[in-house]
Amino acid sequence: MSFKAVPLAIFAAACICTASPTDEVERNIDLLRGITVPGESSAIAKLNERMDTAWRFLEKHKAQALPRAKAELKQEIDVKSPDQFFLMDVGYFLIRNDPESVELPLAALQHIDPTTGVIQANWQELFHFAMRLGESGKFVETYLAEMDRIFLTNSLSVKFFAAPHWIDFNPADQIGFVYGVVGEPAAAHLDKVIAAPGPYQTLALRMMSSVGSEADVPAVEAALNSATTFKQAAAAITVLMEVGGPSGQAAVLRYDGSKADEKTRQYLNKVRNAVASVDIAYFERQLASVYPTKHLSKSAVKRALDQMDRHNGADDETPPIDVFRSGLPANELIARLKKIRALSFRRENNHVFGDLPITNLLINGLQFKAAAK
């Protein structure tokens, strides 16, 4: 909704208009058409004021704006060369203000060309638009196909302030978020990307730590066995050991590296003993070192998990070791923690990547526990 150098105050007081709300809705929607990338600061300022005016009015008159915006967006999708900024801005407006209506904004996303100048100049908005669509949990396969198209090829960073955090997401971070927010369905999708040799195979392997589990071991092991570079083999081994459970451990121990380069074989020889030594006691030690136990009861752990659900995975008080030792069924905890892992990406800040290794450590340890019973 804005260009660099001039911030927008999107939610400021609404403009004073003399025409009827219906007429003004159409006029303000039209203000979002024909947006291009200005070359000078003065032009940027005028353009931002224009977009600011439109958004303030539409936000204040949602009841009239939503049906009109939907109609206008449907028409724009059908034209031969749709207005790229209009597709993104109105699509984002709809998913923000009518989050149950996903199909139309998603259709708008499908018609966005991420290489156009106006989209690249507003990449932050495109990222937020994608995240809102992912959070919906609807039309997941279509959404993930669009994430492949838009974000696997992206080289732009996103930087913004979301109180109290300064956010700085590189392209790989963004991929982690747009897939991570979907959760397990994204893992099944990435399994297919991993199975297709190409420029995105290693990147997809790295992203698997955000969404994967023992269920993805067959796909990751196949990628490991066919790896011809150290980067690909190391990425696969990392995923297998971080989220692959005992099946992932076994896959690494089975791997002989016969098709790999010398660097991979040296790495495998270096880590093999450590890989073989991983057991439930290992996870006990690792989790106990994160935060001292409070000896929480089973019911207290349940309440803590409920709290994490309500706060998109945020929690600074529950010792991970108490979750691990709670006595709750391992498979039940695994399912809860996978859901919490996906919810955490809704927070859209860099702290999520600090929480992720601990959540994965819990999931992985519990997979070992589940297999032991």
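The values are calculated or read from the model by the stated rules, or taken from the named source; none is laboratory data. Here the structure is a predicted model, which is why all the values come from computation and not from measurement. Glycine gets a Cβ as well: all are built from the backbone with ideal geometry, and neighbour counts include every protein chain shown.
Please verify whether Thr318 is over 30 Å from Glu135 (Cα atoms) and in a loop (DSSP other than H, G, I, E, B), treating the condition exactly as stated.
Values: over 30 Å from Glu135 (Cα atoms): no; in a loop (DSSP other than H, G, I, E, B): yes.
Considered against the rule, which asks whether it is over 30 Å from Glu135 (Cα atoms) and in a loop (DSSP other than H, G, I, E, B), Thr318 comes out as no.
Residues that are assigned to a helix (DSSP H, G or I) and closer than 13 Å to Val275 by Cα within segment 244-264 comprise Gly245, Pro246, Ser247, Gly248, Gln249, Ala250, Ala251, Val252, Leu253, Arg254, listed in sequence order. Of all residues in segment 230-284, those satisfying the criterion of being under 27 Å from the mean Cα position of the chain (by Cα) and over 19 Å from Ser213 (Cα atoms) are Phe230, Lys231.
When Pro114 is tested against (1) in a helix (DSSP H, G or I); (2) farther than 20 Å from Ala342 by Cβ; (3) in contact (Cβ under 8 Å) with a residue 12 or more places away in the chain, only condition (1) is not met. Does Lys339 satisfy being assigned to a helix (DSSP H, G or I), touching a residue at least 12 places away in the same chain (Cβ under 8 Å), closer than 18 Å to Leu287 by Cβ and basic (Lys, Arg)? Answer is no for this residue.
On the phi < 0 side of the Ramachandran plot, assigned to a helix (DSSP H, G or I) and among the aliphatic types (A, V, I, L, M): does that describe Leu133?
Details: on the phi < 0 side of the Ramachandran plot: yes; assigned to a helix (DSSP H, G or I): yes; among the aliphatic types (A, V, I, L, M): yes.
Considered against the rule, which asks whether it is on the phi < 0 side of the Ramachandran plot, assigned to a helix (DSSP H, G or I) and among the aliphatic types (A, V, I, L, M), Leu133 comes out as yes.
In segment 265-284, the residues that are modelled with pLDDT under 95 reach residues that are surrounded by 13 or more Cβ atoms within 10 Å (Cβ to Cβ) with C-beta atoms within less than 6 angstrom, at least six apart or across chains, in these pairs: Arg265/Gly257; Leu268/Gly257.
Ala300 meets each of the listed conditions (1) farther than 18 Å from Asn360 by Cβ; (2) in contact with a Leu (Cβ under 8 Å, 6 or more places away or on another chain); (3) among the aliphatic types (A, V, I, L, M) apart from (2). When Ile167 is tested against (1) at pLDDT below 95; (2) closer than 18 Å to Thr238 by Cα, just one condition goes unmet, and that condition is (2). There is at least one residue in segment 139-159 that is touching a strand residue (DSSP E or B) at 6+ places or on another chain (Cβ under 6 Å), surrounded by fewer than 23 Cβ atoms within 10 Å (Cβ to Cβ) and either farther than 19 Å from Met208 by Cβ or modelled with pLDDT under 95 (or both).
Quick check on my filter: what residues within segment 95-111 are assigned to a helix (DSSP H, G or I) and modelled with pLDDT under 95? Give the derivation first.
As a first pass, look at segment 95-111 and keep what is assigned to a helix (DSSP H, G or I): 95-97, 103-110.
Hits for segment 95-111 are Arg96, Asn97.
Asn364 meets the stated requirement of being part of a helix (DSSP H, G or I) and either touching a residue at least 40 places away in the same chain (Cβ under 8 Å) or under 27 Å from Val158 (Cβ atoms) (or both). When Glu242, Glu221 are checked against the criterion of being at pLDDT 95 or above and either surrounded by fewer than 20 Cβ atoms within 10 Å (Cβ to Cβ) or small (Gly, Ala, Ser) (or both), Glu242 stands alone in meeting it.
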